[in-house]
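Encoded as structure tokens, the structure appears first; notes follow it.
Only the coordinates and a few stated rules stand behind these numbers; no lab work does. What you are looking at is a predicted structure, and each value in this text was computed from that prediction instead of being measured. Here Cβ is always computed from backbone atoms with ideal geometry, including for glycine, and neighbour counts include all displayed protein chains.
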Amino acid sequence: MRTFFWFLGLLLAGFAAMALFAYPAWLLLHPHFNFPFHRIAGRIGMLALLIGFVSVARRLGLADRASLGYGVARRVFIREFLLALVLGVLLMLLVVAVMLGLGLRSWQPDVELTTTALAAAALQALGSALAVALIEETFLRGALFSGVARESGTGRAILLTAVLYAATHFIARYRIPAELVVPTSGLAMVRGSLEAFVAPLSIGDAFLALFAVGVLLAAIRAATGNIAACIGLHAGWVWVMLLVRATSIPDTSRRMSFLLSAFDGFVGWLVLAWTLVIGWPLYQFYLRRSASIQPA
């Protein structure tokens, strides 16, 4: 549990950095670059988290390739990543097909559906998906999983990484217009970013769905001994989600609209059911593949 509390401390340190340094940084940067306050505050939080992560990983002996989840040959890692990316896309497309079949999402009328526009959107979404998957998997299913597993066993590592994975998705983007920025705006950013947790029942369906996804990814991490498949699956799922959310909107007039969370119009009871259905077969698939994946 010591590792888990260290990583919780990293998140708290990121929020503290936002609260303390966002306003001074905004005073220095905004007049010259016109950066919005939320972007400056977010970058400060991420920088503090990165610096803290490197320090904590070294302190806890988690800075090596194996602990970070990269302990296989590069060729094997890339192969498993690409396979999982394809699987992730195909599996998420099945969920999207159900959503469209039930009329739960409809095309945005102002979206340009030309080949060029869709290709550009797909490329941008892929870049974002890869960045999100790489960062989150290295942090959670890499270092955090390794540390907790060594201290408290694989079962607790799966549970705790899944809880933290789900919770971090509700750190919402909060905006403060430039004309309303004051010395206490850094603290307001922190408070606004965490406002979803004030009414936990309103995000219950999305939290459970994300928790189930976190358990599945952590179980695959345990089965394979690395995060190649986790990054691929994660990136594939996020890629499809970003494209769907960029081109369609949830239709709340439908009787089955409760299947999509009000939090983001995508993750919810339907995604939870999908995760439960595919979870065991996908875990067994990677358990069998693990026999051919040797550590580097």
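Quick notes on this structure:
- Computed E for I249/L201 - FRET, C-beta separation, R0 22 angstrom, nearest 0.05: 0.35
- Applying 0.36 nm per residue to the separation of Q284 and L29 and subtracting their alpha-carbon distance, the gain on full extension is 86.7 nm.
- Put simply, when 269-275, 168-174, 30-36, 222-228 are sorted by average Cβ atoms within 10 angstrom per residue, most first, you get 222-228, 269-275, 168-174, 30-36.
- Hydrophobic long helices, here whole DSSP H runs in the chain with Kyte-Doolittle means of at least 1.6 and Cα atoms spread over 27 Å or more along the helix axis, are found at 74-101, 204-224.
- Full-extension gain in nm, A120 to M1, via 0.36 nm per residue minus C-alpha separation: 38.5 nm
- Legend: ranking of residues Y23, Y70 from fewest to most surrounding C-beta atoms inside 10 Å; resulting order Y70, Y23.
- Over all Cα atoms in the stretch 1-97, the spread is summed up by Rg and Dmax: 19.1, 49 Å.
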